[in-house]
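Comments concern the structure below.
Just so it is clear, none of the values below were taken in a lab; they were calculated from the coordinates. Just so we're clear, the structure is a prediction, and the values are computed from it rather than from any experiment. Here Cβ is always computed from backbone atoms with ideal geometry, including for glycine, and neighbour counts include all displayed protein chains.
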Amino acid sequence: MSPVAAIATTADVAAGPRHVAIIMDGNGRWAKARHLPRVAGHRAGVEAVRRIVEAAPDLGIEVLTLYAFSSENWKRPADEVGDLMGLLRHYVRSELAELHRNGIKLLFIGNYKALKPDLVTLLEDARTRTAGNTRMTLVIALNYGGQDEIIRAAQALAREVAPDAIDAAAFEARLDTAGLPPPDVVVRTSGEQRLSNFLLWQAAYAEFVVTERLWPDFDGAALAETCAEFTTRERRFGGR
């Protein structure tokens, strides 16, 4: 039995988080510590994604959202951005059949339609192919920024809704995450303690878990520990 399966059989999976969102941080530091180029850290980060996606359903996670490329990441050197986009293409192409067999639905949030047309087509084809899957939803945030998402939702409201009809439900219906539950827990690897423009509206009452592990070292057991930590939190949502 795998470590994750063992934990899943003994832990109260039903009390765990439905939606886990992860800020995947530390690829560059992982590579630097090993005297490797940054792209080696990003490749190791893709392997971590595979491990987490495999482990998450057994822990009762219904939605897993991964912050893959932010709207601010365009500030990185062009060769690094190119490496990241190449790894994204490779991941979708190489993993799509396995994700589909395992009942994983793929969704993408952010202004991903501004990416190169061939990549947009690849992403939308993957979304369409997996649309009927129900075991878990994997949400990948691409060219995503929480402030930009809020602005786009506000613009849609201004076009479509009378001012007196605007409420939280109307706003949430125009976010990229419409129809998904809000994250129960937001995880950040590498020890940094900031949101970095991630799910600013949706994370209003999320629990935060910060780990010193760099993203390439994160695995199913670490995810299980996160779920166990979540069950110890008392969530009051502003009450007493």
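What residue among VAL139, ALA204, ALA126 has its Cα farthest toward the positive end of the dipole of the chain, where the charges are +1 on Lys, Arg and -1 on Asp, Glu, each on the Cβ?
Of the listed residues, the answer is ALA126.
Between GLU80 and ALA158, take the C-beta separation as r, use R0 = 30 Å, and let me know the FRET efficiency to the nearest 0.05. Mind showing how you got there, number by number?
Numbers: r = 36 Å, r/R0 = 1.22.
E between GLU80 and ALA158, to the nearest 0.05, is 0.25.
For region 1-138, what is the Kirkwood estimate of the hydrodynamic radius, computed as the reciprocal of the mean inverse distance between distinct Cα atoms, to one decimal in Å? Could you put the intermediate results ahead of the total?
On the way: mean 1/r = 0.0613 Å⁻¹.
Taking every pair of different Cα atoms in region 1-138, averaging 1/r and inverting gives 16.3 Å.
If you average 1/r across every pair of different Cα atoms in region 146-240 and take the reciprocal, what Kirkwood value do you get, in Å?
Details: mean 1/r = 0.0649 Å⁻¹.
Over region 146-240, the inverse of the mean reciprocal pair distance is 15.4 Å.
Determine one quarter of the surface area of the Cα convex hull of region 51-100, which equals its mean projected area, and express it in nm² to one decimal. Walk me through the intermediate numbers first.
On the way: hull surface 17.2 nm².
The orientation-averaged projected area of the Cα hull of region 51-100 comes to 4.3 nm².
Quick one, what does Rg over Rh come out to for region 96-207 if you take C-alpha atoms and the Kirkwood Rh? If you can, show how the numbers build up before the last one.
Numbers: Rg = 15.6 Å, Rh = 15.7 Å.
Rg/Rh for region 96-207 comes to 0.99.
Hey, with R₀ at 41 Å, roughly what FRET efficiency would HIS35 and GLU234 work out to, going by the Cβ-Cβ distance, to 0.05? Numbers along the way, then the final one.
Working: r = 44 Å, r/R0 = 1.08.
That gives a FRET efficiency of 0.40.
Any idea what Rg and Dmax come out to for the chain if you just take the C-alpha atoms, in Å?
17.9, 58
Please give, to one decimal in nm, the separation of the simple spin-label points placed at ILE150 and ALA168, each 7 Å out from Cα toward the Cβ.
In this crude spin-label approximation the distance works out to 1.5 nm.
Cross-link candidates for LYS75: which lysines have Cα within less than 25 Å, leaving aside residues fewer than 8 places away along the same chain?
Once the sequence-local lysines are set aside, what remains near LYS75 is LYS32, LYS113, LYS116.
One quarter of the convex hull surface, Cα atoms only: what value does that give for region 114-180 in nm²? If you can, show how the numbers build up before the last one.
Working: hull surface 22.8 nm².
That works out to 5.7 nm², a quarter of the Cα hull's surface.
Sort MET24, MET136, MET85 so that the residue with the fewest other Cβ atoms within 10 Å of its own Cβ comes first and the one with the most comes last.
Numbers: MET24 23, MET136 20, MET85 15.
The order, fewest Cβ neighbours first, is MET85, MET136, MET24.
So which DSSP H runs in the chain come out at 20 Å plus along the axis (Cα) with average Kyte-Doolittle of at least 1.6? Let's see the in-between values first.
On the way: long enough: 38-55 (26 Å, -0.03); 78-101 (35 Å, -0.31); 146-160 (21 Å, -0.46).
Correct list, ordered by number: empty.
What is the dipole size for the chain, taken about its Cα centre, with +1 at each Lys and Arg Cβ and -1 at each Asp and Glu Cβ, in debye to the nearest 20? Don't jump to the answer; show the numbers that get you there.
Numbers: 29 positive and 31 negative charges, 78 e Å.
Dipole about the Cα centre, nearest 20: 380 debye.
Using the number of other C-beta atoms within 10 angstrom as an exposure proxy, rank ASP79, ASP164, ASP219, ASP176 with the fewest first. Let's see the in-between values first.
Numbers: ASP79 11, ASP164 6, ASP219 18, ASP176 21.
Taking fewest neighbouring Cβ atoms as first place, the list is ASP164, ASP79, ASP219, ASP176.
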